[in-house]
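The values are calculated or read from the model by the stated rules, or taken from the named source; none is laboratory data. Bear in mind the structure is a predicted one, so any value in this text is a computation, not a measurement. Note that each Cβ is placed from the backbone with ideal geometry, even for glycine, and that neighbours are counted across all protein chains shown. Ligands, DNA and RNA are excluded from the accessible area calculation, which covers all protein heavy atoms including side chains. Shrake-Rupley method; radii C 1.70, N 1.55, O 1.52, S 1.80 Å.
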Amino acid sequence: MNAIDPAIHVAAANIRLDGVTKSYGKMPIIPNLDVEFRAGEFTVVLGPSGCGKSTLMQMIAGLERVSGGRIVIDGREVQELEPKERGCAMVFQNYALYPHMTVFDNIAYSLKIAGMTKAERRVRVELVAKMLGLTEYLGRKPSQLSGGQRQRVAIGRAIVREPSVLLFDEPLSNLDAQLRHDTRVELAELHRRIGATTVFVTHDQVEAMTLADRILILNKGEIEQYDTPKAIYHNPASVFVARFIGSPPMNILPVSGDGTVLRLSDGQAVAECRLKGSFQLGIRPEDIAVYTTANASALRADVRYHEDLGSHSILAADLSGTMVRITTPFGSQAPDSNVLLLSCPQQRLHLFDAVTGKAIAGAFTAATKEKK
Amino acid sequence: MVENARSINIVASLILIMGVIFIFGPLYLTLATASHSYEFMLQNGLTWSFGGNLIANFKRIFTETSIPMQMVNSLIVAVGNAVAGCVLSFLSAYAIVYFRVRWASIVFALILATVILPLDMRFVTTYQVASNIFSPLNAVLDATGLNDAVAGLFGAPFHAEWSILNTHLGLVVPLLAHGMGTFLFRQFFLTLPKDLFKAARMDGAGPIRFLVDILLPLSRTTFASLFVLTFLSGWTQYLWPLVASSTAEMQTAVVGLARLVPDEGAVPDYPLIMAGAILVSIIPLTMIALLQRYLVQGLVLSEK
Ligand SMILES: Nc1ncnc2c1ncn2[C@@H]1O[C@H](COP(=O)(O)OP(=O)(O)OP(=O)(O)O)[C@@H](O)[C@H]1O
Ligand SMILES: [Mg+2]
């Protein structure tokens, strides 16, 4: 990418959704959504398939009508406006380039509709093309481009209008791993340069963790958590979020508390805790420590299998009837015996309600404090 | 499947050769007959040999019959059928595929029903309507009793008449009520990426701009296929033009050709008729030769 060019730099807009609802026929897709995307931030929307991510994007863009509520962009209510009046641009998963137009015409189409003169269009398109490394392809048709190049054209088509809001709906999912990585880095760079408020839908957590200023996790059209990647990783608000972020996902074990310790279903004590009742205990695979020497206070688990991924390996073990996964650093040998001795550091544990799955804040800190 | 490829090849070739003979035999006979004089034919009957009267027979077509003028009629009917059919099908498929039209599937089913209810089946009704295209309206007004009210108000019931029989319009319009084109375009639109429409909307294109700037250029081949198919079908129509046109000036070439056969028992002037048949076939034949690619595409698409 080239030196920063002030010509493509926009005033980012704040987006606020106020009690937005959406249903198709009688089926509610989004029951009630209040959320704010701050000006200039890069928000990644994560969620299982069918949870309404695309629907949310299209309502912001104006491609779908809201069933209720308000969408406010830059202080202006837009839910009744046409897409072109909202100042949003969108990049689609399958690029949706116009097959019969050249790259130049694809990028310039919105400018042409907006009534820009040919000379102005040329300047703008060439600027964008230079930015995205597309200059030599301007005369080609989309069918003569590689997947990655098409993706750039789609991005170029979106940014050429200098939108104050950029919407991406799974833009990288058709690319191979290497290209995904490269494009991700470029997108981050692009966002830094353009500064448009960006909403980005993906299934890929690596994309989410690396690109996002904030991550919005949706489940069945409702917000599970909306926070920075760090906060989401370290303090998941629910079992759903805990399982969704992290690879392999967080281990969740049923435990019961008697007021002093939490016990697994087979009676082994995992941690000290003052709470009584049954809970779900979460621990990330990378937070579990494996003892190599005998240790009386360790948890005992039966090894089931061992996967060596080169950089690290993953052990799967049966801990009191639940399969847990443990990430061990590179070099650690596959255990000789079938029995594994584990410890779960107290400060890395997460406690969730057994029924609602919501996180219980401060469950362990309180216990440790009292001990002091 | 592949074993015995040789003998299968031989059998296949034999079948093909038989097919070719079956098709070219009559064509050859047509050409041969057209090259003789009426007198020669009266003496010798139909022969496989060639005579020297081909050009003379063509000249007679131009001087003695209305075929040349009727070919103009045919051209109007065929082109009218093709152009109007393409435009209507394109627009209706656009509405069905790209808009959440209420009852869209029912509308589409009704359009498709015309494929299994061809003109030949609705002949009498079509004729009644063509003889006065206001007759359905009149009938509805009468049946609902609205006309009694009108009569009370204006002193006379509403009654309008407009016959399109024996006009070019009347020749073309009934042929248009055919859903194949809509089906063809619908199938094509469904193969396009769904997000194309959304992308165009994001770029600021309204429905009309999308239609003109995106859909139209992409549909060129489908247009060509449908044009060829409907042109040929319009050109070769027989029954409807026969009924709907009452004067030689309004008849199409195919009807005119049939009219060259005298009504009384006299031996028809076969050389003249065959020369006419050759002339009348030239336009569709050229069309097929030039646009064969699209014709095949259209047939394949409409099979799906
Ligand atoms: N036009 C429509 N008519 C009826 N239901 C629809 C329509 N579009 C989407 N839906 C439904 O709305 C729900 C949410 O769809 P949406 O496309 O927003 O999911 P998504 O989160 O983007 O999923 P994915 O990750 O698979 O893209 C789905 O259950 C889907 O079946
Ligand atoms: Mg989606």
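Below is a table of values for the structure above.
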| quantity | calculated |
| --- | --- |
| Failed item, numbered, when A:Asn94 is tested on (1) within 16 Å of ligand 1 (Cβ to nearest atom); (2) open to solvent by less than 60 Å² (accessible area, probe 1.4 Å) | (2) |
| Selection status of A:Arg140, in a helix (DSSP H, G or I), among the basic types (Lys, Arg) and open to solvent by 40 Å² or more (accessible area, probe 1.4 Å) | no |
| Residue within the range B:208-224 that is surrounded by fewer than 19 Cβ atoms within 10 Å (Cβ to Cβ), in a loop (DSSP other than H, G, I, E, B) and out of contact with any Gly (no Cβ under 7 Å at 6 or more places or on another chain) present | no |
| Residue match in the range B:156-167 (condition: closer than 30 Å to B:Val72 by Cβ and either of a type in the set (Asp, Glu) or touching a strand residue (DSSP E or B) at 6+ places or on another chain (Cβ under 6 Å) (or both)) | yes |
| Complete set of residues in the range B:24-45 that are β-branched (Val, Ile, Thr) and open to solvent by less than 20 Å² (accessible area, probe 1.4 Å) | B:Thr33 |
| Residue within the range A:46-53 that is in a helix (DSSP H, G or I) and within 13 Å of ligand 2 (Cβ to nearest atom) present | yes |
| Residue that is of a type in the set (A, V, I, L, M), modelled with pLDDT of 90 or more and in contact with a helix residue (DSSP H, G or I) (Cβ under 7 Å, 6 or more places away or on another chain), where the choices are B:Leu242, B:Leu218 | B:Leu242 |
| Pick from the range A:32-42, criterion outside any loop (DSSP other than H, G, I, E, B) and open to solvent by 60 Å² or more (accessible area, probe 1.4 Å), ranking: nearest to ligand 1 (Cβ to nearest atom) | A:Asn32 |
| Residues satisfying the stated conditions in the range A:244-260, i.e. touching a strand residue (DSSP E or B) at 6+ places or on another chain (Cβ under 7 Å) and either within 18 Å of A:Ile314 (Cα to Cα) or not in a loop (DSSP other than H, G, I, E, B) (or both) | A:Phe244, A:Pro248, A:Met250, A:Asn251, A:Ile252, A:Leu253, A:Pro254, A:Val255, A:Ser256, A:Gly257, A:Asp258 |
| Residue list for the range A:143-182, restricted to those being away from chain B (no Cβ under 13 Å), within 16 Å of ligand 2 (Cβ to nearest atom) and crowded, with 16+ Cβ neighbours inside 10 Å | A:Leu172 |
| Residue, surrounded by the most Cβ atoms within 10 Å (Cβ to Cβ), within the range B:46-81, restricted to residues that are of a type in the set (Phe, Trp, Tyr) and part of a helix (DSSP H, G or I) | B:Phe58 |
| Filter pass, A:Glu41 being away from chain B (no Cβ under 14 Å) and over 24 Å from the mean Cα position of the chain (by Cα) | no |
| Selection from the range B:53-96 of residues that are over 21 Å from the mean Cα position of the chain (by Cα) and among the hydrophobic types (A, V, I, L, M, F, W, C) | B:Leu54, B:Ile55, B:Ala56, B:Phe58, B:Ile61, B:Phe62, B:Ala95, B:Ile96 |
| In the range B:163-203, the residues that are open to solvent by less than 20 Å² (accessible area, probe 1.4 Å), at pLDDT below 90 and within 14 Å of chain A (Cβ to nearest Cβ) | none |
| Yes/no for B:Thr252 being away from every other protein chain (no Cβ under 14 Å) and either crowded, with 23+ Cβ neighbours inside 10 Å or modelled with pLDDT under 95 (or both) | yes |
| Subset of the range A:183-206 (residues that are at pLDDT below 90 and within 16 Å of ligand 2 (Cβ to nearest atom)) | A:His203, A:Asp204 |
| Residue match in the range B:142-162 (condition: polar (S, T, N, Q), within 14 Å of another protein chain (Cβ to nearest Cβ) and open to solvent by 60 Å² or more (accessible area, probe 1.4 Å)) | no |
| Conditions (1) within 14 Å of another protein chain (Cβ to nearest Cβ); (2) in contact (Cβ under 8 Å) with a residue 60 or more places away in the chain; (3) surrounded by fewer than 17 Cβ atoms within 10 Å (Cβ to Cβ); number of the one not met by A:Glu85 | (2) |
| Odd one out for A:Leu218, checked against (1) of a type in the set (A, V, I, L, M, F, W, C); (2) within 16 Å of ligand 2 (Cβ to nearest atom); (3) in contact with a Ser or Thr (Cβ under 7 Å, 6 or more places away or on another chain) | (3) |
| Condition check for B:Thr47: at pLDDT below 90 and β-branched (Val, Ile, Thr) | yes |
| Residue in the range B:241-249 that is surrounded by 17 or more Cβ atoms within 10 Å (Cβ to Cβ), in a helix (DSSP H, G or I) and without any contact (Cβ under 8 Å) to a residue 40 or more places away in the chain present | no |
| Condition met for A:Ala114 (of a type in the set (Gly, Ala, Ser), at the interface with chain B (Cβ under 7 Å from one of its Cβ atoms) and open to solvent by less than 70 Å² (accessible area, probe 1.4 Å)) | no |
| Residues that are closer than 13 Å to A:Val153 by Cα, surrounded by fewer than 23 Cβ atoms within 10 Å (Cβ to Cβ) and at the interface with another protein chain (Cβ under 8 Å from one of its Cβ atoms), drawn from the range A:99-109 | A:Pro99 |
| Qualifying positions in the range A:60-82 - at the interface with chain B (Cβ under 8 Å from one of its Cβ atoms) and in contact (Cβ under 8 Å) with a residue 60 or more places away in the chain | A:Ala61 |
| B:Arg102, sole failed condition from (1) touching a helix residue (DSSP H, G or I) at 6+ places or on another chain (Cβ under 9 Å); (2) under 30 Å from B:Leu218 (Cα atoms) | (1) |
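Condition check ((1) part of a loop (DSSP other than H, G, I, E, B); (2) within 14 Å of chain B (Cβ to nearest Cβ); (3) buried (at least 23 other Cβ atoms within 10 Å of the Cβ)) across all residues:
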position: A:Arg124; (1), (2), (3): no, yes, no
position: A:Arg184; (1), (2), (3): no, no, no
position: A:Leu190; (1), (2), (3): no, no, no
position: A:Thr198; (1), (2), (3): no, no, yes
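Residues are listed down the side, and each one gets a yes or a no for (1) away from ligand 2 (no atom under 16 Å from the Cβ); (2) of a type in the set (Val, Ile, Thr); (3) part of a strand (DSSP E or B):
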| residue | (1), (2), (3) |
| --- | --- |
| A:Val44 | no, yes, yes |
| A:Glu64 | no, no, no |
| A:Gly69 | yes, no, yes |
| A:Met101 | yes, no, no |
| A:Arg121 | yes, no, no |
